[in-house]
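A.B. asks: Could you have a look at this structure, given as structure tokens, before my questions?
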Amino acid sequence: MIDFFLRRWVSDHQNTQDPAVRQRYGTLSGVVGIVLNLLLFAGKFLAGALTASIAVIADAFNNLSDAGSSIVTLVGFRLAGQKADEDHPFGHGRMEYLSGLLISLVILLVGLELGKSSVEKILHPEEVTFSWLSVGILAAAILVKLWLFWFNRALSRRIGSTAMAATATDSLSDAAATAVVLICTFIDHYLHVNIDGVAGLVVAVFILRAGWGAAKDTLDPLLGQSPDPALVSAIQKDILAHPEIIGIHDMIVHDYGPGRAIMSLHAEVPADCDIMAAHDTIDAVEQEIKNKYHILTVIHMDPISLDESTVQLRQQIAALVREIDPELSIHDFRITAGPKRTNLIFDVVAPYRCPLSDSELRAAIDRKAKELSPTYFTVVEIDHAYTARESGGR
């Protein structure tokens, strides 16, 4: 069914990295959400009015907020699809994240308001009238919300959209909340236990939980989260497949919205290589990454010495550094030898969870180096990994 919708409403739907195609996906999701949620609101509000149930009315207004969220999604995708301009040279892709965040805030506000109303109903309970019409409406609403969950989750996976993922999560939460309301309706009718206010409170908790999860999913890329480790690993593998490149480090990926990423990294090349040939390789790699992963890439060349004594000492120092913390790695290793002391100059990549401070780490590395020779003095620059997986080389 997803393919039917896409073929009918989203032209070139397989080209999901194209902002214009993503905008059409967002339009489809938004229109479907608006129509179905408005129908659900009307049906549930009628059922709540007939039965005087705060839980059903709360569930109805939850659907009304979902319709509003779908409008935000629709507008967000349209704004995100705008082309780059002088004021926004990297495009407007982050508007998709902002729309997802706004949806999350709306969900949280609705949850708080419904929670307040439910507590008041618990303190001052009112009789609830049973109606098979309301039961039928609630059962149909559960099925519709489960379909919306499946629909939006499928779309979000196709284009990697956090906004659509937030909408899908909200739909699943709504289905669970409506199921709770339906169960409580039967309990009240057959067991004569008035738990309408409790059911409304449970609905509010479901809504708040969904809103919090959706907010986190949209805040992470806005704050600058680490890129997907699988993507990092794949890019490293492709770059190191070029024999002219010995190692890579300091990879940084900036996310300006889905399909709008910029990456920078350092590539180690032999110090005695043909500089023009190395530059040609770097240009080719930058274009390869852009074409394959749709990431604009800038690569800085680092020349390193590959003579036997330098390589051997580098391996020894790398092993000693890993004794301090197995996740530590080194790069840009150089040696400056004098009559009485030998300076070992290199960078160390440390994860943020490393228990040692930068000064403690430098001191520990210097002690380890002097275990090899008292003439060794280390000059260490501490880098912190910008990706979940840093690779020093082959």
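The values are calculated or read from the model by the stated rules, or taken from the named source; none is laboratory data. These numbers were taken from a predicted model, which means no experiment stands behind them. Heads up, the Cβs are rebuilt from the backbone with ideal geometry, glycines too, and the neighbour counts pull from every protein chain shown.
A.B. asks: Could you check, for segment 80-98, whether at least one of its residues is crowded, with 23+ Cβ neighbours inside 10 Å and either modelled with pLDDT under 70 or in the same structural domain as Arg260 (by TED's automatic domain parsing) (or both)?
C.D. replies: yes
A.B. asks: A further question on this structure: Can you tell me which residue within segment 314-363, out of those that are over 18 Å from Asp250 (Cα atoms) and of a type in the set (Gly, Ala, Ser), is modelled with the lowest pLDDT?
C.D. replies: Result: Gly338.
A.B. asks: Need the failing condition index for Ile304 against (1) within 29 Å of the chain's Cα centre (by Cα); (2) surrounded by 15 or more Cβ atoms within 10 Å (Cβ to Cβ); (3) at pLDDT below 90, just the number.
C.D. replies: (1)
A.B. asks: Select from segment 356-372 the residues that are free of Cβ contacts under 8 Å to residues at least 24 places away in the same chain and under 36 Å from the mean Cα position of the chain (by Cα) and list them in ascending order.
C.D. replies: Ser357, Ser359, Glu360, Arg362 - these are the residues of segment 356-372 that are free of Cβ contacts under 8 Å to residues at least 24 places away in the same chain and under 36 Å from the mean Cα position of the chain (by Cα).
A.B. asks: All but one of (1) within 30 Å of Val180 (Cβ to Cβ); (2) over 25 Å from the mean Cα position of the chain (by Cα); (3) surrounded by fewer than 20 Cβ atoms within 10 Å (Cβ to Cβ) hold for Gly200; which doesn't?
C.D. replies: Among (1) within 30 Å of Val180 (Cβ to Cβ); (2) over 25 Å from the mean Cα position of the chain (by Cα); (3) surrounded by fewer than 20 Cβ atoms within 10 Å (Cβ to Cβ), the lone unmet condition for Gly200 is (3).
A.B. asks: Based on this model, can you work out whether Leu372 counts as closer than 15 Å to Gln315 by Cα, aliphatic (A, V, I, L, M), surrounded by fewer than 17 Cβ atoms within 10 Å (Cβ to Cβ) and out of contact with any Asp or Glu (no Cβ under 9 Å at 6 or more places or on another chain)?
C.D. replies: yes
A.B. asks: Taking only pairs six or more apart or across chains, which ones have beta-carbon atoms under 7 Å, a first residue in segment 109-125 that is closer than 15 Å to Val56 by Cα, and a second residue that is assigned to a helix (DSSP H, G or I) and hydroxyl-bearing (Ser, Thr, Tyr)?
C.D. replies: So the pair list comes out as Val110/Ser65.
A.B. asks: I need a count of the residues in segment 181-201 that are closer than 14 Å to Ile57 by Cα and without any contact (Cβ under 8 Å) to a residue 60 or more places away in the chain.
C.D. replies: Residues flagged as closer than 14 Å to Ile57 by Cα and without any contact (Cβ under 8 Å) to a residue 60 or more places away in the chain within segment 181-201 amount to 1.
A.B. asks: Filter segment 183-197 for residues that are under 39 Å from the mean Cα position of the chain (by Cα) and assigned to a helix (DSSP H, G or I); which is farthest from Ser53 (Cα to Cα)?
C.D. replies: Ile183
A.B. asks: Of the numbered conditions (1) modelled with pLDDT of 90 or more; (2) assigned by TED's automatic domain parsing to the domain that holds Asp18; (3) hydroxyl-bearing (Ser, Thr, Tyr), Ser264 satisfies every one except a single condition; which is it?
C.D. replies: (2)
A.B. asks: Search segment 1-34 for residues being in a helix (DSSP H, G or I) and β-branched (Val, Ile, Thr), and hand back the single one that is modelled with the lowest pLDDT.
C.D. replies: Here the answer is Ile2.
A.B. asks: If we scan segment 125-148, do we find a residue that is outside any helix (DSSP H, G or I), buried (at least 18 other Cβ atoms within 10 Å of the Cβ) and among the hydrophobic types (A, V, I, L, M, F, W, C)?
C.D. replies: Yes: one or more hits.
A.B. asks: Out of (1) within 16 Å of Ile282 (Cβ to Cβ); (2) in the same structural domain as Ser173 (by TED's automatic domain parsing), what's the single condition that is false for Arg209?
C.D. replies: Every listed condition holds for Arg209 apart from (1).
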